[in-house]
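Notes follow the structure.
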Amino acid sequence: MLIIDGKKVSLDLKNELKASVESCQAITGKLPGLTVIIVGHDPASQVYVRNKAKTCKEIGMISTVIEMAADTTEKHLIDTIHELNNDPAVHGILVQQPLPKQIDEFAVTLAIDPSKDVDGFHPENLGRLVMGHLDKCFVSCTPYGILELLGRYNIETRGKHCVVVGRSNIVGKPMANLMLQKLDATNCTVTICHSATKNIPFYTQQADILIAAIGKAGFITADMVKPGAVVIDVGINRIEDASTKSGYRLVGDVDFDAVSAVASAMTPVPGGVGPMTIAMLLKNTLQSFQRINGL
Ligand code: GUN
């Protein structure tokens, strides 16, 4: 069984991005800039934002984090986004989700200039993805990272049956639409399963490529997987574990030990899809810089 090593691929990718940032600076005298807005004090969001800022600096980009109080109004947040839309030093804008309940996440997504929407959440970017205009859009970072892993591991996808479990706007929907496109690492027959699907195992057992993005620890068991399938685990679930210092550990949506006896290739958790997400965010930011500067 092949372990698809997202940690290693993300390191390779970050080295490639660092070299590209250096050559962009040599040509233009400028650096790509990513601004992340975080509203409130959600501990998981704070960790994600810190990691994004740290990795951004590691590859030589300019990272700015704007911290806003938990009681920030939607208007104040949107006014700030409009300023960033007009700031030529900002090439990528990301508003960390979830947002406090007084703020409408969709209104915030709509306020971001699609040409700086490095999360790929704006309907213009998602619409371009659905219609196959990938050269002019941003693909949301987790699905884009999975595509990169499939490509770098030369996983055969053309004409294969890809089953995506989960229909979120961040992962499931863009992932399924990406696998449907006529590209090298896609071109699949695609099925989407979700919470109202009757008999999920009936579908997952037919998957050549199974992508689990449910958010439930160990949801995909060995009996749900076709022998030889490629299994991609998007889940990051905390489960209690008294034997660790923190009292918990991270597991995916796939029962890794049991499924590894059936699958031909799998992403681990941690060290699979997770590290790719930030790398793709920076790739999108570099792409935004290159487009804005006509490179
Ligand atoms: N919260 C969890 N994942 C993400 C992400 O990819 N982007 C944003 N903006 N918020 C998130």
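Averaging the sequence gap over all C-alpha pairs within less than 8 Å and six or more residues apart, then dividing by the number of residues, gives segment 232-295 a relative contact order of 30 percent.
Need one word for segment 31-74: rounded, prolate or oblate. Basis is the Cα gyration tensor (sqrt eigenvalues a ≥ b ≥ c); a/c below 1.5 gives rounded, then a/b vs b/c decides. Verdict is oblate for segment 31-74. For segment 143-295, the Cβ-based charge dipole about the Cα centre amounts to some 500 debye (Lys, Arg positive; Asp, Glu negative; other atoms uncharged). Residue by residue, segment 120-135 carries 3J(HN,Hα) couplings of x, 8, 5, x, 5, 6, 5, x, 4, 4, 4, 8, x, 9, 6, 5 Hz when phi is fed to the Karplus relation 6.51 cos²θ - 1.76 cosθ + 1.60 (θ = phi - 60°); x denotes Gly or Pro. Using a cut-off of under 20 Å, list every residue of segment 31-73 whose amide N is near the label point 7 Å from the Cα of Gln25 along the Cα-to-beta-carbon line. 31-36, 52-65, by backbone N distance to the label point. I'd like the antiparallel share, as a percent to the nearest 5, of DSSP beta bridges with both residues in the chain. Counting only bridges with both partners in the chain, antiparallel ones make up about 10 percent. Averaged over residues, the count of other Cβ atoms within 10 Å places the peptides 271-278, 120-127 in the sequence 271-278, 120-127, highest first. Each residue of segment 177-183 was assigned a 3J(HN,Hα) from its phi angle through the Karplus curve 6.51 cos²θ - 1.76 cosθ + 1.60 (θ = phi - 60°); the sequence is 5, 5, 5, 7, 5, 8, 10 Hz, with glycine and proline shown as x.
Since only Thr72, Gly60, Leu34 are under comparison, the one whose Cα sits farthest along the positive direction of the charge dipole of segment 1-135, derived from C-beta charges on Lys, Arg, Asp and Glu, is Gly60.
According to the square roots a ≥ b ≥ c of the eigenvalues of the Cα gyration tensor, what is the shape class of the chain, taking rounded for a/c under 1.5, prolate for a/b larger than b/c otherwise, and oblate for the remainder? All intermediate terms of the calculation are to be shown ahead of the outcome.
Working: a/c = 1.65, a/b = 1.45, b/c = 1.14.
Note, shape of the chain comes out prolate.
Mean residue ellipticity, 222 nm, helices only, the chain: the sum of -39500 (n - 2.57) across DSSP H runs of n ≥ 4, divided by residue count and rounded to 500, is -12000 deg cm²/dmol. Measuring from each cysteine beta-carbon in the chain, the ones with no other cysteine beta-carbon under 4.7 angstrom are Cys24, Cys56, Cys137, Cys141, Cys193.
Net charge in the neighbourhood of Glu58 (other residues with Cβ under 9 Å of its Cβ; Lys, Arg +1, Asp, Glu -1) is +4. Along the charge dipole of the chain, which of Pro143, Ser168, Thr157 sits closest to the positive end, that is, farthest toward it, with unit charges on the beta carbon of Lys, Arg, Asp and Glu (+1, +1, -1, -1)? With unit charges placed on the Cβ atoms, the residue in question is Thr157. Separation of segment 154-191 from segment 65-138 is 25 Å, based on Cα centroids.
Under 14 Å Cα to Cα from Lys57, which aspartates and glutamates show up? Leave out anything in the same chain fewer than 8 places away. Cα-Cα hits under 14 Å: Glu22.
Is segment 83-186 rounded, prolate or oblate when judged by the Cα gyration tensor, a ≥ b ≥ c being the square roots of its eigenvalues, rounded requiring a/c under 1.5 and prolate requiring a/b larger than b/c? Prolate.
Listed values for segment 196-203 are Karplus-derived 3J(HN,Hα) couplings in whole Hz (6.51 cos²θ - 1.76 cosθ + 1.60, θ = phi - 60°), namely 9, 5, 7, 6, 3, x, 3, 7, and x replaces Gly and Pro. Simple point charges give the picture: +1 on the Cβ of Lys and Arg, -1 on the Cβ of Asp and Glu, and for segment 57-189 a dipole about the Cα centre of about 740 debye.
Report relative contact order for the chain in percent, whole number only (criteria: Cα-Cα under 8 Å, sequence separation at least 6). About 20 percent, as a whole number. The fraction of accessible area contributed by carbon and sulfur in the chain is 54 percent, rounded to a whole number (1.4 Å probe; ligands and nucleic acids excluded). Ligands, DNA and RNA are left out, and with a 1.4 angstrom probe the accessible area of segment 205-265 is 49 Å² per residue. Rounded to the nearest 20 debye, the dipole magnitude of the chain is 420 debye, with +1 charges on Lys and Arg beta carbons, -1 on Asp and Glu beta carbons, and the Cα centre as origin.
The values are calculated or read from the model by the stated rules, or taken from the named source; none is laboratory data. Remember, it's a predicted structure, so these values are computed and weren't measured experimentally. When we count neighbours, we look across all protein chains shown, and the Cβ atoms used for this are built from the backbone with ideal geometry, even at glycine. When the accessible area is computed, the model is the full protein with side chains, heavy atoms only, and any ligands, DNA or RNA have been set aside. Shrake-Rupley method; radii C 1.70, N 1.55, O 1.52, S 1.80 Å.
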